[in-house]
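Q: Have a look at the structure that comes next, please.
The values are calculated or read from the model by the stated rules, or taken from the named source; none is laboratory data. Everything numeric in this text was worked out from a predicted model, so none of it was measured. A quick note on method: Cβ atoms are made from the backbone with ideal geometry, for glycine too, and the neighbour counts reach across all protein chains shown. Remember, those area values only see protein heavy atoms, side chains included, never the ligands or the DNA or RNA. Shrake-Rupley method; radii C 1.70, N 1.55, O 1.52, S 1.80 Å.
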Amino acid sequence: MPRSAPARKALTELDHRIEAAVGHSIDRLWQHRDRDLLDEQHTHLVDAHRALVQAEHAVTFYRVQLNSLSSGGYPVDGALFERMERTIGLLEDAARTRDQRQVQTLDALKPIEAAARDKAPPEVPNLPAPDAAALLAITRGAKLHQNLLTQQLYVVTASGTRIPYSRLQRLEEARLVVRDISHPVTAGQPVTLTDTGRAALTAPRSAQAPDVAPVPRPGVWPSASSARR
């Protein structure tokens, strides 16, 4: 791949699986690798994923170059045909390298996915009613949007319900939901429940909040303690 390729991460087919297995975003996973905070297994995964991202950049570079050559901006002559043929060959090589690195990344990911499946279920938080309602709405499909004029962030569900961004942040901090940050917020970032979020939504909740005195039923004689007051 050319040395001038950008350093920004490209989207790969395995990003969603990696984020689901490790429990946080690709960005944070790379940051942990740079700070030497990962164990050997996760370090191997990040290194393989970084190589895959570089290969994706190479595929994109030569595909764009081929599109430029065929855009009509060059004379149709033998020199153009030679350049296109050379670019197609480089694109084929880049695609083969990408496929090989995808297999290597998948091999590094599989044991981490297996460990995540075998892990004991996390503590399930007791959800307040508004948070439970927000999670229930998100299960039907939801996206985080940003208003281009006001810059306001809000979640819109498939049913049309709007969820404040502050509530989304609270649900994210509790690891109940996750956003697909590969999409710009102006186009809408999909929001989905995590395993913890699904467990919290389906977990039984107490019918009555703690430390709240029961409401006396109509017609019931006051207790002795209330009669003495």
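Q: Considering Arg198, Arg217, which residue is at pLDDT below 85, open to solvent by 80 Å² or more (accessible area, probe 1.4 Å), in contact with a Ser or Thr (Cβ under 9 Å, 6 or more places away or on another chain) and among the basic types (Lys, Arg)?
A: Just one listed residue meets the conditions, Arg198.
Q: Mind checking which residues of the stretch 118-129 are loosely packed, with under 11 Cβ neighbours inside 10 Å and either outside any helix (DSSP H, G or I) or at pLDDT 75 or above (or both)?
A: Lys119, Ala120, Pro121, Glu123, Ala129
Q: So, one more: Run down Gln152, Gln102 and say which single residue is at pLDDT below 90 and either open to solvent by 70 Å² or more (accessible area, probe 1.4 Å) or within 26 Å of Val53 (Cα to Cα) (or both).
A: Gln152
Q: Does Arg167 meet the test of being in contact with a helix residue (DSSP H, G or I) (Cβ under 9 Å, 6 or more places away or on another chain) and not hydroxyl-bearing (Ser, Thr, Tyr)?
A: yes
Q: Among the numbered criteria (1) free of Cβ contacts under 8 Å to residues at least 60 places away in the same chain; (2) of a type in the set (Asp, Glu); (3) surrounded by 15 or more Cβ atoms within 10 Å (Cβ to Cβ), which one does Glu173 miss?
A: With (1) free of Cβ contacts under 8 Å to residues at least 60 places away in the same chain; (2) of a type in the set (Asp, Glu); (3) surrounded by 15 or more Cβ atoms within 10 Å (Cβ to Cβ) applied to Glu173, the lone miss is (3).
Yes or no, residue by residue, for (1) among the acidic types (Asp, Glu); (2) touching a residue at least 40 places away in the same chain (Cβ under 8 Å); (3) in contact with a helix residue (DSSP H, G or I) (Cβ under 8 Å, 6 or more places away or on another chain); (4) crowded, with 19+ Cβ neighbours inside 10 Å:
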position	(1), (2), (3), (4)
Glu40	yes, no, no, no
Leu45	no, yes, yes, yes
Ala51	no, yes, yes, no
Glu56	yes, yes, yes, yes
Gln65	no, no, yes, no
Gly73	no, no, no, no
Phe81	no, no, no, no
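Q: Still on this structure, I have one more. Taking the options Ala115, Ala133, Ala94, Ala137, name whichever one is at pLDDT 85 or above, surrounded by fewer than 13 Cβ atoms within 10 Å (Cβ to Cβ) and part of a helix (DSSP H, G or I). Let's see the steps before the verdict.
A: Numbers: Ala133 fails: surrounded by fewer than 13 Cβ atoms within 10 Å (Cβ to Cβ); Ala94 fails: surrounded by fewer than 13 Cβ atoms within 10 Å (Cβ to Cβ); Ala137 fails: surrounded by fewer than 13 Cβ atoms within 10 Å (Cβ to Cβ).
Of the residues listed, the single one that is at pLDDT 85 or above, surrounded by fewer than 13 Cβ atoms within 10 Å (Cβ to Cβ) and part of a helix (DSSP H, G or I) is Ala115.
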